[in-house]
Protein chains: 4
Amino acid sequence: MKGLAMLGIGKIGWIEKEKPQCGPLDAICRPPLVLAPCTSDVHTVWAGAIGERTDMILGHEAVGEVVEVGSLVKDFKPGDKVIVPAITPDWGSTESQEGFPQHSSGMLAGWKFSNFKDGVFAEYFHVNEADANLALLPEGVDPVDAVMIPDMVVTGFHGAELAGVKLGDTVCVIGIGPVGLMAVAGANKMGASHLFAVGTRPNCVEAAKFYGATDIINYRAGDIADQVLEKKLRAEV
Amino acid sequence: MKGLAMLGIGKIGWIEKEKPQCGPLDAICRPPLVLAPCTSDVHTVWAGAIGERTDMILGHEAVGEVVEVGSLVKDFKPGDKVIVPAITPDWGSTESQEGFPQHSSGMLAGWKFSNFKDGVFAEYFHVNEADANLALLPEGVDPVDAVMIPDMVVTGFHGAELAGVKLGDTVCVIGIGPVGLMAVAGANKMGASHLFAVGTRPNCVEAAKFYGATDIINYRAGDIADQVLEKKLRAEV
Amino acid sequence: MKGLAMLGIGKIGWIEKEKPQCGPLDAICRPPLVLAPCTSDVHTVWAGAIGERTDMILGHEAVGEVVEVGSLVKDFKPGDKVIVPAITPDWGSTESQEGFPQHSSGMLAGWKFSNFKDGVFAEYFHVNEADANLALLPEGVDPVDAVMIPDMVVTGFHGAELAGVKLGDTVCVIGIGPVGLMAVAGANKMGASHLFAVGTRPNCVEAAKFYGATDIINYRAGDIADQVLEKKLRAEV
Amino acid sequence: MKGLAMLGIGKIGWIEKEKPQCGPLDAICRPPLVLAPCTSDVHTVWAGAIGERTDMILGHEAVGEVVEVGSLVKDFKPGDKVIVPAITPDWGSTESQEGFPQHSSGMLAGWKFSNFKDGVFAEYFHVNEADANLALLPEGVDPVDAVMIPDMVVTGFHGAELAGVKLGDTVCVIGIGPVGLMAVAGANKMGASHLFAVGTRPNCVEAAKFYGATDIINYRAGDIADQVLEKKLRAEV
């Protein structure tokens, strides 16, 4: 099969690889629906995101179609349209049992695509523990929207969760690319009252307001912390 | 001064009392703006909410005006329009230090109005630790709206906080009077995805939907848990 | 193979069953080392602990020996001596992913032995997801001690965890059978300062003190709460 | 009265000051029992711990005697022997209400002694909100032991609390001076199973073991993280 791979640091290209094998818990998918590139793909090629890789197929954001499932898979069958998360943990590992599936079987090692195995920019890709790591694409949801879920939405929302946003909190999100915007949305959904977003690109600023930012901070206009504290103070008077 | 008091279990009436004294941390307010009766006032008179009281002035929801402040009060002065919380803790008590101000100085003893001292249905009422227990009425906020804050909003929101609602949770709020409606609003603001509200009165059902309920359960139509599980199951298919 | 089974409510006896099959993630063990009966086995026979069962082999506390492992098992091999937890979750299930492995695949359904499949009181027993659900018996640990881990220790400790014991807390454990004693030990290890244990049997009272109880309450001597509050009050004076 | 003061950066000396005034909630104490110097006193003089100070009396660890109390103080009277915490918050402040008394009325501003008012190295010192900020010295407790509580014990224990140590956790404490040793003790009391302590002085190493350290790391023997991971790995085999 063909795949778009990182050949080594600083070099990408199409390569030919064996179609992946399907274990009893796994699924093989193909990405006929939607794929999205991530800045992390760029990082990976540029400098090795979590280590240098050779001839590793890139990509970890996909809405795909199941073409084969293992004998123990119960919830999916060939033909199912599925949302494929960027992080596909080993759920039985000690780290997952302790609540850190993203680090299952090693630091960041829940992020398998294009790091510990080939990614989704290929004719076929492999999903471990399919029942635990795939979600059916709900009817009526556009795959183009859904492909934002595997990484952009959940990474941003998890940032808000890690920050422990509580009702009425003041939150500042630095950077309003897709993940930052989803951190704005997550903080808003968790009940932030005063929600600063730091960025300058007009379309991102508009999106940040749409997702719940109450104040926009331009990092070119001075120190971010100073600007936040000043606006906060003014709001409390 | 005059006040509307619980004379004893089952009996209310206007009584005459001394105007309360102002300690160095305290404020004396009068309620020229808005008062609201609470079902708890009814409970108190009916059966003694947290104990039987005699000649105790009722009421714990007020937007009032400060008429006197103690020598150590820094943030308020006579003439200020203030929102008065139903719960006015002793903030230095062990219970408050441990994070339970509502139980400061004893079980439920943060609820002083009409329990441990006279309430707000009087010409004047006393607020302990004014700097810690009063909030300025923000400009542009209608006192009629603001009077929902001292008990209805915060009690409902705190219910959602105690439930530990997380992004994407399924929540069921049983009862959609004012506090229940604010629990619906709180759970919605904290990120509930599937939000059941149990009630039947058409205006409350409409309000529950406005505040974020995704499903209404009629408790007359069968067991509440069965109805929730059935709707939940159907939604997941 | 032979097994000691619940034949139905109120009836136990030895029965003959097929040796269990080993799936790719599983292990088959035999219990040559130590088994322990649990009061839950008695409950199960008496009234059906989580439902009535027929010809279901009992037992969920074992230190055993692995006799067979599936093709995907990495950490265990035949001959390994293992501690077998009472609860053997499906780690990829939604409930486990959300932090409730004991309820994986359904309410209490992480408790499979003698509920959803045959238990350990048999010549052979089956362990699902062996890598995730078995622990090697450490060298030098007596299996007779180790068999307290699968249920007594972890259930008592988890009770203390669910109670959220913090440094300096006052804790009361009602009942000092094996699980209660381990709740005493867990609360003590989590930093309780004042640790009440309620019970009367002299050997249990002695054990409770050994595990950290600072006060023993005799439930025959009056209301438990009254006794705790009185002792607490006296200690604070 | 006399006091040992920071005269400015890098300069200390005895100075003469007015005896502090006692407000209605406050106490005036004298330190006839025990005082302890803290490395923070040294930092403060050396470089200004949280800002440069002039003629500021030093010291924030004391077991003293009450000589005067304000009219609203209920729990203390002249002659009481008291443990005086290093941090004496304004308990009604917004920060305290939100659970951060150490930052009451401003970043680190709960730490008043020798920062926002004169410290305890004087003939008399002032304690704000005496009922909330003093503790009676229990009978039978040596003041020399008790003076470790105001800063060393609580700072170390709070470190363990902030780290969220849970039953069975692996914890590494870097530095085993008095606060580090109390972080070891705190982590041990909260249930750490594997407790690394980093230090070299023989008396501190011995104390760390006494307080629960299971492994000592010598930072001169190589990278701390490498040593911890290696020992951890070896322990798990």
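The values are calculated or read from the model by the stated rules, or taken from the named source; none is laboratory data. From a predicted model like this one, the values you see are computed outputs, not experimental measurements. With ideal geometry, Cβ positions are generated from the backbone for all residues, glycine too; neighbour counts draw on all protein chains shown. Note: accessible area is taken over every heavy atom of the protein model, side chains too, but ligands, DNA and RNA are not part of it. Shrake-Rupley method; radii C 1.70, N 1.55, O 1.52, S 1.80 Å.
The table below lists the values:
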| quantity | calculated |
| --- | --- |
| Globularity index of region A:1-69, i.e. its alpha-carbon radius of gyration over 2.2 N^0.38 Å | 1.18 |
| With Cα atoms, 0 to 90° folded angle of helix C:178-189 axis to chain C main axis | 60 degrees |
| Charge dipole (debye, nearest 20) of the protein assembly as shown; +1 at Cβ of Lys and Arg, -1 at Cβ of Asp and Glu | 0 debye |
| Region A:10-80 and region B:36-64: distance between their alpha carbon centers, rounded to Å | 64 Å |
| Beta bridge orientation in chain A: antiparallel %, DSSP, nearest 5 | 75 percent |
| FRET efficiency, B:Leu229 to B:Leu7 (Cβ-Cβ, R0 60 Å, nearest 0.05) | 0.80 |
| For region C:159-174, 3J(HN,Hα) per residue [Karplus equation, 6.51 cos²θ - 1.76 cosθ + 1.60, θ = phi - 60°, Hz, x = Gly/Pro] | x, 5, 5, 4, 6, x, 4, 10, 3, x, 5, 9, 10, 10, 9, 9 |
| Cα-based Rg of region C:73-184 normalised by 2.2 N^0.38 Å, two decimals | 1.18 |
| For region D:166-237, the spread of Cα positions along each principal axis, largest first, Å | 31, 30, 14 |
| In sequence order, calculated HN-Hα J values of region B:38-50 (Karplus, 6.51, -1.76, 1.60; Hz; x Gly/Pro) | 10, 4, 5, 4, 5, 4, 4, 6, 5, 9, x, 5, 10 |
| On Cα atoms only, tilt of B:224-236 relative to the major axis of chain B in degrees | 60 degrees |
| Antiparallel DSSP beta bridges within the protein assembly as shown, as percent of all bridges there, nearest 5 | 75 percent |
| Residue among A:Gly222, A:Gly106, A:Gly191 with the largest mean-square fluctuation in a Gaussian network model of chain A, springs linking Cα atoms under 10 Å | A:Gly222 |
| Accessible surface buried once D binds B (1.4 Å probe; total of both sides; Å²) | 700 Å² |
| Taking region C:45-145 and dividing mean pair separation by its residue count, relative contact order in percent (alpha carbons under 8 Å, at least six apart) | 31 percent |
| Average accessible surface area per residue within the protein assembly as shown, 1.4 Å rolling probe, Å² | 50 Å² |
| Scattering curve values for the protein assembly as shown, log₁₀ I(q)/I(0), Debye with Cα scatterers, q = 0.05, 0.09, 0.10 Å⁻¹ | -0.39, -1.33, -1.57 |
| Charge sum, other residues only, whose C-beta stays under 13 Å from B:Phe76's C-beta, Lys/Arg counted +1 and Asp/Glu -1 | -4 |
| Convex hull volume of chain C per residue (C-alpha atoms, cubic angstrom) | 146 Å³ |
| Per residue, the convex hull volume that the Cα atoms of region C:106-237 enclose (Å³) | 164 Å³ |
| Percent carbon-and-sulfur accessible area, the protein assembly as shown, ignoring ligands, DNA and RNA, probe 1.4 Å | 57 percent |
| Gaussian network model of chain A, Cα within-10 Å springs - most flexible of A:Ala109, A:Ala163, A:Ala130 | A:Ala163 |
| Residue among D:Asn203, D:Asn218, D:Asn128 with the largest mean-square fluctuation in a Gaussian network model of chain D, springs linking Cα atoms under 10 Å | D:Asn203 |
| Gap separating the Cα centres of region C:195-237 and region A:188-237, nearest whole Å | 55 Å |
| Descending semi-axes in whole angstrom, ellipsoid equivalent of region A:29-124, from the Cα gyration tensor | 22, 20, 10 |
| Residue range of chain B that is longest and free of GluC sites (Glu not before Pro) which are both DSSP loop and sparsely packed (at most 15 other C-beta within 10 Å) | B:140-237 |
| Projected label distance in nm at A:Ile174 and A:Met107, using a 7 Å step from Cα toward the beta-carbon | 2.1 nm |
| Lys, Arg +1 and Asp, Glu -1 on Cβ, resulting dipole of chain C about Cα centre, debye, nearest 20 | 460 debye |
| Cα centre as origin, Lys/Arg/Asp/Glu Cβ charges: region C:196-237 dipole, Debye | 120 debye |
| For chain B, with +1 on Lys and Arg beta carbons and -1 on Asp and Glu, the positive-most of B:Ala130, B:Gly168, B:Gly8 along the dipole | B:Gly168 |
| DSSP-assigned coil residues among trypsin sites (Lys or Arg not before Pro) in region B:40-119, each with at most 14 further Cβ atoms within 10 Å | B:Lys74 |
